[in-house]
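Participant: Can you keep this structure in mind? I'll have questions shortly.
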Amino acid sequence: MKTAGIYIHIPFCEKKCPYCDFYSRHGSQEDFDSYTALICDFLRKNFCDIKADTLYFGGGTPSIIGAKRLAEMICTVRECCCLDISENEITIEVNPSKEDIDFEILRKAGANRISVGMQSANDDELLLLGRQHSVRQVKQCIIRAKNAGFDNISLDIMIALPHQTKNKLSKSIAFCVENDIPHVSAYILKIEEGTVFYKKRQQLSLPDDDFTADLYEFMCDEMRRYGYEHYEISNFCKKGYESRHNLKYWHDEPYIGIGPSAHSFIDGKRWYYPRNMRKFADDERIPDGIGGDEEEFIMLGLRLKEGITQQRFTQRYGKPIDERFLCNAEKYYKMGLVHMSENGFSLTEKGFLVSNAVIAGILEV
């Protein structure tokens, strides 16, 4: 039986945020029932040969469909894919404005990790981002999750917002610290084509690249000061609280994505479902090429603080890291963008800021 992480996309939202380009739509209670039945049927028909060791519900807004439906999907994965809730990670993204989400039902079903879409601990920034929750609601969400037995909680923070200052970013970081949050995901705002923000991008007063870099480095320094490890370009955690599911992506390990727009990597092949509910229901899969080669392994692994180690590379490919990659990395070491040792190489925090260019240079033929 193949082992893989499972991602389930819940494509429903009450309202589309102006910066979001993920696939989502409005849905009724009947839509939620139908989608839950569809996902469970998909699992039983297609993925009983998969042994799941992580499960992640993303969106959209997974919590919008309610705890009982999410619990039904968790139970189906446990039955079909031998998911052991005593050992494995089960994450659910929640919207803090949904104060009726029953965390106790989720915990009893086996969920053990909650990811809260906070984005900011400043109400004016939440308003700018089109979020429907307040900072007070985030606090209440955290309390209710902890009372239900969740201690593995992640909060999202967005960087480089219009008019953002270091003081405002510092307030968001302090909120995480004050609420004893063990994992923080910090994303630089990207203006994606087709979003509301893209249409009004000229009026947004976005920070320039230099100030964006300053905010990112400030975030890194503050998180380190508070005892968080910067283990991935956009992620910080207390010891032992890395996202085990997301590590699968960065380690180039197998995963199955279920739902419209969800991507999969299994048996060395990549494929995804269209951004269309009907086509997903018809199990229309779009091939996305071969995956898992050395270049892809390095490209994904360099997102991590650990970078590319001789041990992991040799274990994967049965040989040491190619001298070509080491020679290319040496050039960036001299610029202070790469760490190098006998054990391999990784990006520095300055290297993280220009990761696309550095990684492309390391992979250059």
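The values are calculated or read from the model by the stated rules, or taken from the named source; none is laboratory data. What you are looking at is a predicted structure, and each value in this text was computed from that prediction instead of being measured. Counting neighbours? That spans all protein chains shown, and the Cβs are built from the backbone with ideal geometry, glycine included.
Participant: Checking the conditions here, which among Ala111, Ala71 is out of contact with any His (no Cβ under 6 Å at 6 or more places or on another chain), of a type in the set (A, V, I, L, M) and assigned to a loop (DSSP other than H, G, I, E, B)?
Facilitator: Result of the check over Ala111, Ala71: Ala111.
Participant: Here's a follow-up. I need every pair where a residue in the stretch 120-138 that is part of a loop (DSSP other than H, G, I, E, B) has its Cβ under 8 Å from the Cβ of a residue that is at pLDDT 95 or above and acidic (Asp, Glu), sequence separation at least 6 or different chains.
Facilitator: Within 8 Å, the pairs are Ser134/Asp123.
Participant: Name the single residue, out of those in the stretch 307-325 being of a type outside the set (Val, Ile, Thr) and crowded, with 17+ Cβ neighbours inside 10 Å, that is nearest to the chain's Cα centre (by Cα).
Facilitator: Top of the filtered list is Gly307.
Participant: Among the residues of the stretch 23-41, write down those that are among the hydroxyl-bearing types (Ser, Thr, Tyr) and in a helix (DSSP H, G or I).
Facilitator: Hits for the stretch 23-41 are Ser34, Tyr35, Thr36.
To keep it simple, each residue is scored yes or no on (1) surrounded by 12 or more Cβ atoms within 10 Å (Cβ to Cβ); (2) in a helix (DSSP H, G or I).
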residue: Met223; (1), (2): yes, yes
residue: Leu247; (1), (2): yes, yes
residue: Gly257; (1), (2): yes, no
residue: Arg278; (1), (2): no, yes
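Participant: Sticking with this structure for a sec: If I ask for residues that are more than 22 Å from the chain's Cα centre (by Cα) and modelled with pLDDT of 90 or more, which ones from the stretch 1-35 would you list?
Facilitator: Correct list: His26, Gly27, Ser28, Gln29, Glu30, Asp31, Phe32, Asp33, Ser34, Tyr35.
Participant: How many residues are in contact (Cβ under 8 Å) with a residue 60 or more places away in the chain, surrounded by 11 or more Cβ atoms within 10 Å (Cβ to Cβ) and either in a helix (DSSP H, G or I) or of a type in the set (Asp, Glu) (or both) when one looks only at the stretch 174-213?
Facilitator: Matching residues across the stretch 174-213 total 4.
Participant: Considering only the stretch 78-99, state which residues are under 29 Å from Leu169 (Cα atoms) and either of a type in the set (Gly, Ala, Ser) or more than 22 Å from the chain's Cα centre (by Cα) (or both).
Facilitator: Ser97, Glu99
Participant: When both residues are 6+ apart or on different chains and their Cβ atoms are under 7 Å apart, which pairs have a first residue that lies in the stretch 288-303 and is without any contact (Cβ under 8 Å) to a residue 60 or more places away in the chain, and a second that is of a type in the set (Val, Ile, Thr)?
Facilitator: Gly301/Ile308
Participant: Within the stretch 99-113, can one find any residue that is touching a Phe, Trp or Tyr at 6+ places or on another chain (Cβ under 6 Å) and either on the phi > 0 side of the Ramachandran plot or of a type in the set (Lys, Arg) (or both)?
Facilitator: No, the stretch 99-113 contains no residue that is touching a Phe, Trp or Tyr at 6+ places or on another chain (Cβ under 6 Å) and either on the phi > 0 side of the Ramachandran plot or of a type in the set (Lys, Arg) (or both).
Participant: Here is a further query. Can you pull out the residues in the stretch 329-356 that are over 22 Å from the mean Cα position of the chain (by Cα), surrounded by fewer than 20 Cβ atoms within 10 Å (Cβ to Cβ) and either more than 13 Å from Glu306 (Cβ to Cβ) or touching a residue at least 24 places away in the same chain (Cβ under 8 Å) (or both)?
Facilitator: Glu330, Lys331, Tyr333, Lys334, Met335, Gly336, His339, Met340, Glu342, Asn343 - these are the residues of the stretch 329-356 that are over 22 Å from the mean Cα position of the chain (by Cα), surrounded by fewer than 20 Cβ atoms within 10 Å (Cβ to Cβ) and either more than 13 Å from Glu306 (Cβ to Cβ) or touching a residue at least 24 places away in the same chain (Cβ under 8 Å) (or both).
Participant: Separate question: Which ones in the stretch 182-228 are of a type in the set (Lys, Arg) and more than 22 Å from the chain's Cα centre (by Cα)?
Facilitator: The answer is Lys199, Lys200, Arg201, Arg225.
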